[in-house]
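Q: The structure follows.
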Amino acid sequence: MNNYVVKVLKAYYITHDVKCFVVEKPAGYDFIPGQATLVSINQPEWEDELRPFTFTCLREQDYLEFMIKIYQDHEGVTNILGKTEEGAELIVHDVFGVIRYKGPGVFIAGGSGITPFVSILRTLYKNKNMQGNRLIYSNKTTADVINEEELGEMLNDNFMKVFTRENIAGFKGHRIDRNFLVEHITNFRQNFYVCGPYEFGTSINEHLLSLGAKTDTIIFE
């Protein structure tokens, strides 16, 4: 497995617990929007602690970007990343991942599961190819929404926010269950892109299949 030491160019919080890292891009390094890599911290006690994170930048940009949820309740990798600032070094590895754009459809994300879709949506928007795409994005509260303003600008009325722990005027305040999908989706023969916590993804996939979606039109990880 190849690995590349890269310097952190920028590091800043974009929500109360999600931090954006902009790092150097190794020469010849490439990915398909939606893919990820294993990342570790270039310190003796952390260099072998690899964690998967998705690229959120455009593939043609001259840097790599990650949006990483920081867990401060235990001394793990993301806790250390929460304290990692510009000038520090990370280690990135080979690219992997099955999520990639296969045509217009519905993106369904839970929490930080939005990250594989950010690069895809940014690419579609840049290429003026957003038609036929929708995003349904579930979070606990409004404070947890990642890149809300940019997503809204790219998708306009095709951006639906769902909150599981609060009810806000104008937004849906419950979980994405089978009834929700029936209420808000009329065509189950289109592409579906699903990413989020394991139980979230498993549940969404089961509901989609039961409603007529085909296995080869559900792209998830």
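The values are calculated or read from the model by the stated rules, or taken from the named source; none is laboratory data. Remember, predicted model here, so these are calculated numbers, not experimental data. When we count neighbours, we look across all protein chains shown, and the Cβ atoms used for this are built from the backbone with ideal geometry, even at glycine.
Q: Taking region 173-221 as the search range and keeping residues that are assigned to a helix (DSSP H, G or I) and among the β-branched types (Val, Ile, Thr), which one is farthest from the chain's Cα centre (by Cα)?
A: Restricting to residues being assigned to a helix (DSSP H, G or I) and among the β-branched types (Val, Ile, Thr), the top hit is VAL182.
Q: Please count how many residues of region 191-220 are surrounded by fewer than 18 Cβ atoms within 10 Å (Cβ to Cβ) and in contact with a helix residue (DSSP H, G or I) (Cβ under 8 Å, 6 or more places away or on another chain).
A: Counting residues in region 191-220 that are surrounded by fewer than 18 Cβ atoms within 10 Å (Cβ to Cβ) and in contact with a helix residue (DSSP H, G or I) (Cβ under 8 Å, 6 or more places away or on another chain) gives 5.
Q: LEU38 fails exactly one of the following numbered conditions: (1) over 20 Å from GLU221 (Cα atoms); (2) surrounded by 15 or more Cβ atoms within 10 Å (Cβ to Cβ). What is the number of that condition?
A: The single condition LEU38 does not satisfy is (1).
Q: Continuing with the same structure: Restricted to region 101-131, and to residues that are among the aromatic types (Phe, Trp, Tyr) and part of a helix (DSSP H, G or I), which residue is surrounded by the most Cβ atoms within 10 Å (Cβ to Cβ)?
A: PHE117
Q: Also, quick follow-up: Here are some residues: ILE91, ILE120. Which one is more than 25 Å from TRP46 (Cα to Cα) and modelled with pLDDT of 95 or more?
A: Being more than 25 Å from TRP46 (Cα to Cα) and modelled with pLDDT of 95 or more holds for just one of ILE91, ILE120, which is ILE120.
Yes/no per residue for (1) under 18 Å from ARG100 (Cβ atoms); (2) at pLDDT 95 or above:
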{"residue": "LYS172", "(1), (2)": "no, no"}
{"residue": "ILE176", "(1), (2)": "no, no"}
{"residue": "LEU181", "(1), (2)": "no, yes"}
{"residue": "ILE185", "(1), (2)": "no, yes"}
{"residue": "ARG189", "(1), (2)": "no, yes"}
{"residue": "VAL194", "(1), (2)": "yes, yes"}
{"residue": "PHE200", "(1), (2)": "no, yes"}
{"residue": "ILE204", "(1), (2)": "no, yes"}
{"residue": "GLY212", "(1), (2)": "no, yes"}
